[in-house]
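Worksheet: one structure, shown below.
The numbers here are math on the coordinates, done by the rules we state, and not lab data. None of the values given here were measured: they were computed from a predicted structure. Please note: Cβ atoms are built from the backbone with ideal geometry, for glycine as well, and neighbour counts cover all protein chains shown.
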Amino acid sequence: MRRGILNHSKPERTQVLWASVLTVFVFLYSAVRFNGADLFYRVWYYLPAAALAGSFVADRFKVRLRMTCWSWGIDIAVALTCLARPIFGVPPVSGHAFFAVHALLTKRSRVTLLLALMLLGVTLYAKIVLWNWDSTLWPGLGLGVVSGIAWTVFFKRPS
């Protein structure tokens, strides 16, 4: 049976739900704390990352029992690095590029794939066109590839 756009499996609905919840949370936080151009920036640049984060967490929840300590550690390191960038300004790595590529290489669902592609598109546009080849782009893309490959190698527990 062919599925329509509104007739998704339960895991996909869960991912859409978590993506929506995190997106709404980030939007409300931004609306309370910022206005004008600062709010606009947070909406177009941070909401796609929030949506991907929600779907990504739901993705991981589905496979949590098959993940090793190493794969959990890689995911946590990626999350901490990506969150440190907007909060502390270090490391000099694009957290958006890092997270988008890591999610693309380790995704388990179509929802996460589509949101990761959307985030990567927004990031590439911002870093290349708006910010004139921002220097954090290449390190972010490179770390995403390395973490994605490492996560894939360490994902499954031995039988």
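Remarks
- Across region 96-105, rounded Karplus estimates of 3J(HN,Hα) from the backbone phi angles (6.51 cos²θ - 1.76 cosθ + 1.60, θ = phi - 60°) give 5, 5, 4, 5, 4, 5, 4, 5, 4, 7 Hz, Gly and Pro being marked x.
- Rounded, prolate or oblate (a/c below 1.5 giving rounded, otherwise prolate when a/b exceeds b/c) for region 11-116 by Cα gyration tensor: oblate
- Computed magnitude of the charge dipole of the chain (debye, nearest 20; Cβ of K, R +1, Cβ of D, E -1): 760
- Helical contribution to [θ] at 222 nm, DSSP H n ≥ 4, -39,500 (n - 2.57), averaged over the chain, rounded to 500: -25000 deg cm²/dmol
- Region 74-159 - percent relative contact order, Cα under 8 Å, separation 6 or more: 37
- Mean Cβ count within 10 Å, highest first, over the residues of peptides 141-154, 58-71: 141-154, 58-71
- Cβ-based charge dipole, region 1-116, positive-most Cα from 61, 48, 95: 61
- Relative contact order (%) - criterion: Cα under 8 Å, at least six apart; region: the chain: 27
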